[in-house]
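What follows is one structure encoded as structure tokens, with my remarks underneath.
The values are calculated or read from the model by the stated rules, or taken from the named source; none is laboratory data. Computed from a predicted structure; not experimentally measured. Positions of Cβ are backbone-derived with ideal geometry, glycine not excepted, and every protein chain shown enters the neighbour counts. Side chains included, ligands, DNA and RNA excluded: accessible areas come from the protein's heavy atoms. Shrake-Rupley method; radii C 1.70, N 1.55, O 1.52, S 1.80 Å.
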Amino acid sequence: MAPREIDTGLEGLRLWPAALSPDEQAALRDAVLAAVETAPFYRPTTRAGRPFSVEMTSLGPLGWVSDRGGYRYQPTHPVTRAPWPPMPERLLELWRDLTGWPEPPDACLVNLFRDGARMGLHQDLDEADRAAPVLSVSLGDTAVFRFGAAEGGPTRSVRLTSGDVCALTGPARLARHGIDRILAGSSGLIEGGGRLNLTLRKARD
Ligand code: SIN
Ligand code: MN
């Protein structure tokens, strides 16, 4: 059955609550954690050298990185220097089923939000292909997701719970978005607590 989509009030910001069943969430968590065994979570820094509160790694041909050289996509893990592991098939299937985009994503950023981690309001601007959607899967603790139109103006927030999938598409591809906070203890899916966010993008044209 196709997941139910709800209206977010921002055209192009698509949200499918509970797109993944509890069993599917556990299977995806296991697949992602197995895949990142050789690509451990690390804490990137801003250009100014300030550490992010979110830990990150990536899957697929390209991974998003940030350091004193700025934001970019690269084919290797910045600590191990090895190529990123492949994306689990289930993620590629979700991308096909929900976005209908004719080409597969080439990058999956894996964000780990432990208690207290947050992500400031930003736009996804580092992709060469900005027509392709951005698809984001939430696993584990609930997040308060803030969003607003690309052009500015007021923002709103919505809670993203484990198994929810959302997408930035069309007029909302460049929407401002971020994570205000994580509701610690709201899910038992992630050992040690927290939230895993999987963001699929097409970084190259
Ligand atoms: C991101 O913008 O990279 C992550 C958004 C999220 O965690 O839901
Ligand atoms: Mn983003």
Review point. For region 79-141, what does the alpha-carbon gyration tensor say about shape, rounded, prolate or oblate, given a ≥ b ≥ c as the root eigenvalues, a/c under 1.5 as rounded, and a/b over b/c as prolate?
Key: rounded
Check your understanding: Roughly how many whole Å is it from the C-alpha centroid of region 1-31 to that of region 90-146?
Key -> 12 Å
Practice item. Pull up all non-local amide H partners of residue 203: gap of 5 or more, or a different chain, and H-to-H distance under 5 Å with H placed in the peptide plane. Key: 106, 107
Review point. Roughly how many Å² is the accessible area per residue of the chain, as a whole number, for a 1.4 Å probe?
Key: 46 Å²
Point to revise | Gyration tensor verdict on region 105-205 (Cα atoms; rounded if a/c is under 1.5, prolate if a/b is larger than b/c, oblate otherwise) | key: oblate
Point to revise | Net +/- balance of residues flanking residue 181 in space, Cβ distance below 14 Å, scoring K and R +1, D and E -1 | key: +2
Exercise for review: Can you tell me which of 98-104, 44-50 comes out highest on packing, and rank the rest after it, using the mean Cβ neighbours within 10 Å?
Suggested key: 98-104, 44-50
Study note, to complete from the structure: With the label point 7 Å along the Cα-to-beta-carbon line of residue 53 and a cut-off under 15 Å to each amide N, the hits in region 137-161 are 142-146
Revision key, fill the gap. Here region 142-153 yields Karplus 3J(HN,Hα) values (6.51, -1.76, 1.60; θ = phi - 60°; whole Hz; Gly and Pro given as x) of 5, 10, 8, 9, 9, 8, x, 4, 4, 6, x, x
Check your understanding: In whole Hz, what ³J(HN,Hα) sequence does region 72-89 give by Karplus (6.51, -1.76, 1.60; θ = phi - 60°), x for Gly and Pro?
Key -> 6, 9, 8, x, 10, 5, x, 9, 7, 6, 8, x, 5, x, x, 6, x, 4
Check your understanding: Per-residue HN-Hα couplings for region 33-48, Karplus 6.51 cos²θ - 1.76 cosθ + 1.60 at θ = phi - 60°, whole Hz, x for Gly and Pro?
Key -> 5, 5, 5, 8, 4, 9, 9, x, 4, 9, 10, x, 10, 6, 4, 7
Exercise for review: Measure off, as a whole percent, the carbon and sulfur share of the 1.4 Å-probe accessible area of the chain, all protein chains present.
Suggested key: 52 percent
Study note, to complete from the structure: Per the C-alpha gyration tensor (a ≥ b ≥ c, the square roots of its eigenvalues), region 1-66 is rounded if a/c is under 1.5, else prolate if a/b beats b/c, else oblate; here it's oblate
Check your understanding: Using only helices, what value at 222 nm comes out for the chain when you add -39,500 (n - 2.57) per DSSP H run of length 4 or more and divide by the total residues, to the nearest 500 deg cm²/dmol?
Key -> -4000 deg cm²/dmol
Check your understanding: In Å, what Rg and Dmax follow from the Cα atoms of the chain?
Key -> 15.6, 47
